[in-house]
Each structure stands twice: as C-alpha cells, then as structure tokens.
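What follows is a single structure, written as structure tokens, with notes after it.
The values are calculated or read from the model by the stated rules, or taken from the named source; none is laboratory data. Everything numeric in this text was worked out from a predicted model, so none of it was measured. Glycine gets a Cβ as well: all are built from the backbone with ideal geometry, and neighbour counts include every protein chain shown. Protein only, heavy atoms only, side chains kept; ligands, DNA and RNA dropped before computing areas. Shrake-Rupley method; radii C 1.70, N 1.55, O 1.52, S 1.80 Å.
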Amino acid sequence: MQHVHTPADAVSKLKKAAKLRVRAAPGTLHAHALDEVAKEAGYRHWKHVTACAMNSGGSPLAVATARTCTSDRFPLKPQDFTIVCGPSGSGKTLMAYDYALNAVREGRTVRVADVGGSYAKLAEVVGGTMLRVNSNGFNSQAFGDAPLTVADFEGAKAAGAGALDADSFPFVTNADAGEVWIVDETETIPFSQRELRLILERHLAAGGSVLVTMQQSPESPFAQALAEIPTSSNVRRAMMTLSRFLPRQ
C-alpha cells in the first residue's frame with residue numbers, strides 16, 4: 001500500500017467524521033463508516049489509515065507500534081509456550097504487546113484474553129477486532145481486518161472467578177492450529193484454574209502457541225499447574241520472571 005503521511009490529528013479528524021456519519025445514519029456500522037471516510041480522504045480503507053499512522057510518528061502508541069512491528073526482539077517459533085511472572089508495572093503487558101505484534105507481522109492469527117481494556121487501543125490502532133465478553137456472550141467491534149482479536153472479560157468478571165467454563169471461551173470453537181493466544185494477568189480471567197488449564201492444553205495440543213502473564217511467582221501453585229501442561233518436544237517452553245521497573249536516576 002502507498003504510504004500517506006498521517007499524523008495523529010489527521011486520524012482523530014477521520015474518526016470524528018466517522019462518528020458523525022454513524023449518528024446521522026444510526027443503521028450504519030462504525031467499521032463501515034471508518035472505511036468510507038478513509039476512502040474519501042484518499043486511502044484504500046481504514047486499515048490503510050492505521051498502517052500509515054504507525055509509520056508517520058503521530059502518537060506515542062503509533063510510534064511504539066511501528067517500532068515493535070519491525071523488530072525481531074521476540075522471534076517466534078512454530079510453537080511457543082511462555083509463562084511470564086512479575087509484579088504490576090514490571091513490563092509483562094509490554095512484552096505481550098511485542099509478542100503479539102511480531103506474530104501479526106508474520107501473518108499469524110493472534111487472540112488476546114484480558115480484563116480491564118489494556119489491549120483495546122492496540123486492537124484499534126492495528127485494525128483488529130474487540131470482543132467485550134459478559135456472562136451471556138459477547139459484543140463485537142471490528143476496527144479493520146488485521147488478524148488480531150482482543151476479548152475483554154471485564155463484563156464477565158462480576159459473575160465470579162469460576163463463572164465461565166471452557167466452552168464459553170470465545171476462541172475455542174473456531175481456533176486453528178498455529179494461532180497465537182495471549183492470556184494477560186491470568187489470575188483475573190473469570191475461569192477456574194482447572195478450566196483455564198484445559199483451554200490452554202487443548203490449544204497447545206492442536207498446534208497453537210500460548211503466552212500467559214501473571215502477578216504470582218513462578219513457585220505459586222497456579223504457575224506450577226500451568227507449567228505442568230504437557231506439550232510435544234518441538235514446543236519452545238519458557239518461564240520468565242520480571243522485576244519491577246526502577247525509576248531512572
């Protein structure tokens with residue numbers, strides 16, 4: 001796609017124009033409105049806008065996204081199973097961003113399970129899909145056609161820690177071998193430890209990759225239970241512990 005210099009304020013104007021279009025015609029999908037205003041501004045579609053914004057140095061998030069997408073700091077193997085432990089603020093989510101963006105860059109499908117919306121902006125900037133999950137199902141919002149789906153379980157969290165079972169996990173029914181799954185702050189996801197282990201074990205057995213993060217220590221029963229998930233010998237396994245970031249002197 002041809003590059004068009006797209007600073008942050010240009011993206012904001014296009015988003016406002018799309019919102020006005022949706023308000024004027026309530027039946028219009030937001031994703032369609034974004035595509036329409038993008039085409040009228042000379043882009044091919046909304047994903048073209050986000051791709052150009054990433055490389056135009058508009059916002060800190062766009063700059064970070066572009067830099068990570070062209071980085072090989074976290075090369076992927078056909079199958080990875082990684083557990084990242086560390087306290088809040090130690091960089092677990094940043095590492096997961098790096099992992100996710102490298103996978104997207106390689107053309108792999110990425111699915112993220114999260115609580116609290118930490119990946120909502122990532123889905124929007126990259127042009128992925130956002131699922132907001134509650135105890136009765138989920139609502140979907142597409143920002144583009146990038147192979148990145150983020151499921152935010154904030155709406156289901158109020159129902160209790162073990163409220164959902166494995167069949168309620170929105171990725172299970174249509175998962176393909178080779179997909180990359182990220183479960184951020186694993187202990188906050190409203191599944192029992194048994195159900196979550198079952199979900200991840202099935203995905204690894206099907207040929208997928210998994211990265212999970214947690215605030216618990218590697219010696220905790222939950223971390224050990226996940227570490228004991230059996231995998232084939234060609235899976236690259238790793239358990240990492242991150243320390244809290246220290247302020248610069």
Point to revise | Test for Glu219: is it in a helix (DSSP H, G or I) and either touching a residue at least 24 places away in the same chain (Cβ under 8 Å) or within 20 Å of Thr241 (Cβ to Cβ) (or both) | key: no
Practice item. Tell me, please, whether a residue that is at pLDDT 85 or above and of a type in the set (Phe, Trp, Tyr) can be found in region 120-142. Key: no
Exercise for review: Name the single residue, out of those in region 19-41 being open to solvent by less than 50 Å² (accessible area, probe 1.4 Å) and in contact (Cβ under 8 Å) with a residue 24 or more places away in the chain, that is nearest to Gly144 (Cα to Cα).
Suggested key: Ala31
Revision key, fill the gap. Selection over region 223-238 where residues are open to solvent by 80 Å² or more (accessible area, probe 1.4 Å) and in contact (Cβ under 8 Å) with a residue 60 or more places away in the chain yields a count of 3
